[in-house]
Amino acid sequence: MCGNAMSSHIDPVTVSATGKHTATVIFLHGLGDTGHGWSYALSEIKQPHIKYICPTAPKMPVTLNEGYEMTSWFDLFTLNVASRDDEDEAGIKKAAALVQGMVEEEVKGGIPADRIVLGGFSQGGALALYAAFTLDKQLAGMVALSSWLPLHESFPAAMMVNNQAPILQCHGDADPVVPYKFGQMTRSVLAKYCNNYTFKTYPGMMHSSSATEMQDVKEFLDKVLPPV
């Protein structure tokens with residue numbers, strides 16, 4: 001199922017650099033969404049030297065939603081993930097390979113890996129973290145919004161080089177979909193193994209973003225992807 005779906009992924013929405021393109025942000029949406037909404041959000045904080053790529057996940061049946069077909073990076077069995085037995089390990093790894101292929105395309109196009117940020121919201125943020133940590137190239141950084149670290153039991157052994165990269169993780173403390181405790185659990189794992197890690201809490205924010213959070217994302221991107 002996952003292999004066929006991944007081969008038919010939709011072309012990403014791209015917000016092109018308006019100046020000389022020297023950096024790229026690849027940002028992954030959450031379950032059931034598309035790249036369009038996040039391309040708009042990122043265009044609100046864009047910098048002229050950065051290209052923003054917002055791919056749309058393929059449609060697949062999602063076990064969590066009683067097999068209903070929707071855009072999803074991988075299958076979700078439950079939102080109470082306690083172990084790898086509760087996760088679509090094969091699907092996560094195939095999706096990560098897809099994202100890592102996008103990084104490779106940017107590198108082939110002349111943008112060094114250390115001028116690329118991987119980020120995402122919810123399921124997309126989970127995939128961004130996993131793809132970044134299992135990539136063999138040093139990235140500029142990672143952004144995970146309202147998210148978690150999938151296959152967390154495989155770390156730190158599965159980490160390649162990006163435990164050194166700056167990470168911004170953000171979570172609302174009133175999130176009813178990906179509970180705040182999931183963000184805290186991920187923080188407890190990443191803070192042990194990552195040397196440049198920031199966790200931000202947004203009081204009262206549910207499973208969404210906010211102007212304050214997006215300003216924090218902008219400041220992070222400005223810091224890790226400055227003009228050259």
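The numbers here are math on the coordinates, done by the rules we state, and not lab data. Note that this is a predicted model, so its numbers are computed, not measured. Every residue, glycine as well, gets a Cβ built from its backbone with ideal geometry; the counts of neighbours run over all protein chains shown.
Quick notes
- For the stretch 188-228, the alpha carbon positions stretch 36, 29, 12 Å along the principal axes, listed from largest to smallest.
- Rg/Rh for the stretch 61-207 (Cα atoms only, Rh after Kirkwood) is 0.96.
- Each Lys or Arg adds one and each Asp or Glu takes one away; over the other residues whose Cβ falls under 14 Å from the Cβ of His207, this sums to -3.
- Per-residue ellipticity at 222 nm computed for the chain from its helices equals -10000 deg cm²/dmol, with DSSP H segments shorter than 4 residues left out and the rest contributing -39,500 (n - 2.57).
- Each peptide in 162-169, 213-220 gets a packing score, the mean of other Cβ atoms within 10 Å over its residues, and the list from highest to lowest is 162-169, 213-220.
- Fewest-first ordering of Phe199, Phe133 by other beta carbons within 10 Å of each residue's beta carbon gives Phe199, Phe133.
- Summing Lys and Arg as +1 and Asp and Glu as -1 over all other residues whose Cβ lies under 15 Å from the Cβ of Thr14 gives a net charge of -1.
- For the peptides 39-50, 92-103, residues were scored by their other Cβ atoms within 10 Å and the scores averaged per peptide; the highest-first order is 92-103, 39-50.
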